[in-house]
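Remarks on the structure that follows.
What follows is calculated from the coordinates using simple rules that are stated; it is not laboratory data. In this text the structure is predicted, and so the values were computed from the model without any measurement. FYI the Cβ positions are ideal-geometry reconstructions off the backbone, even for glycines, and counts take in every protein chain you see.
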Protein chains: 2
Amino acid sequence: MSDPRPPPPPPHPFARAVPEGDDRERLVCGDCGFVLYDNPKIVVGSVARWGDKVLMCRRAIDPRKGFWTLPAGYLELNESTRAGAEREAWEEARAKIAIESLLAIYDITRLSQVQLIYRARLVDAAVSAGPESLEVALFSWDEIPWDDIAFPSVRWALLHEREVEQGGDSTPRGNPPPDESPPGPVAPQGL
Amino acid sequence: MSDPRPPPPPPHPFARAVPEGDDRERLVCGDCGFVLYDNPKIVVGSVARWGDKVLMCRRAIDPRKGFWTLPAGYLELNESTRAGAEREAWEEARAKIAIESLLAIYDITRLSQVQLIYRARLVDAAVSAGPESLEVALFSWDEIPWDDIAFPSVRWALLHEREVEQGGDSTPRGNPPPDESPPGPVAPQGL
């Protein structure tokens, strides 16, 4: 606790190898044979509405500190995806939300991340910044800070929410075609 | 390779502790401070139809060896959820499928597992058992071996597929209420 040095890396001499009975490379310890299975991670989040406004959070942490995002983060062990989206809204915006339906599944394959974004409504308008947010706000469509969005999937979710609100069918959306998603930062963690 | 003994457990003396800046217990190495983040796993699978029949696989591996399941398994790194469902259909049933839409998201919180089950159709009827299946079959509704289903979520997916086929709305389903899901084995891996 009083030692300011970062911890050393783990002592396992991991190397890529195909374990017996498997068909692809995993990280296997050269000393003891321990196989470190690494799996894609699940991000859960929401587009939460209050009247015609949506809840957004300005990030207090890197990556993309200072940019606007939706409340979202990693699903925890033994947690349902809806409960996870509710927890993230509370942690990042002190917002109580009621989940309505699945808006979209985004595959961020480069980062081995699957994002499940729900439509939700705020139970009340009392929101405030949690520890990972500099500020939170309720934006009407025209007020959304489009030039300061943290990650492409935040933009996708807002556009998909808009489609559904305007009477589009409510089938869950997926990644937009590549030419509709200009290059930009992608979330290494959370949205 | 020639040593028949199982590998020893990994040498890290992991213990549960709350890392600095975190708010819940993780497995932390008492020697080096390495934090082993453990996250829920994603299972991807499909209900694949050929005419009025659905594709099922009889498990060649534990758990629930000998019982019937749907083609499904863990999503791999850098893989989209749809590609994962297609891969599993190929690996377990040598089936080429075309994904249509998301049928259901099942939260198996006890196992920290999120199952994404897609509706799909077989591209052709040529299917055969892959290495993890004893046999595969195309069953009409009345032929499904209901008494020999491997896991509750397999039953849920079949019933949800039936609802959609019979004209129900196609909003993705979730876990049925607890009283509709009698106790039974739950998949520790895959479906």
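Tabulated data
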read-out	value
Across the identical copies, how the residue B:37 labels are spaced - nm, sorted shortest first, 7 Å along Cα→Cβ	1.9
Rounded tilt (10° steps) of B:81-93 against the dominant C-alpha axis of chain B	70 degrees
Radius 11 Å from Cβ of residue A:17, net charge of other residues (Lys, Arg +1; Asp, Glu -1)	0
Whichever lysines have a C-alpha closer than 17 Å to that of residue B:96, once near sequence neighbours (fewer than 8 apart) are set aside	B:53
Label distances, nm, residue A:63 versus same residue in remaining copies, Cβ-directed 7 Å point	3.7
D_trans [Stokes-Einstein, Kirkwood Rh over alpha-carbon pairs] for the stretch B:16-99, 20 °C, 1.002 mPa s, µm² s⁻¹	138 µm²/s
Under 17 Å from residue A:41, Cα to Cα: lysines that are on another chain or at least 8 residues apart	B:41
Computed log₁₀ I(q)/I(0) - Debye formula, equal Cα scatterers, no solvent, the protein assembly as shown, q 0.06, 0.10 Å⁻¹	-0.26, -0.72
Charge context of residue B:85, other residues only, Cβ under 13 angstrom, K/R +1, D/E -1	-3
About the Cα centre, charge dipole magnitude for the stretch B:33-191 (Lys/Arg +1, Asp/Glu -1 at Cβ), debye	220 debye
Spin-label proximity, residue A:162 to the stretch A:122-154 - amide N less than 19 Å from point 7 Å beyond Cα toward beta carbon	A:137-154
For residue B:15, label point 7 Å along C-beta direction: distances to other copies, nm	3.3
Nearest 10 degrees, 0 to 90: helix A:152-165 Cα axis against chain A principal axis	40 degrees
Among A:27, A:42, A:15 - extreme Cα towards positive end, dipole of the stretch A:12-61, charges at beta-carbon	A:42
For q = 0.09, 0.13, 0.18 Å⁻¹, Debye-computed log10 I/I(0) when each Cα of chain A counts as one equal scatterer	-0.40, -0.74, -1.15
Potential extension, residue B:90-residue B:125 segment - 0.36 nm per residue separation minus Cα distance	11.3 nm
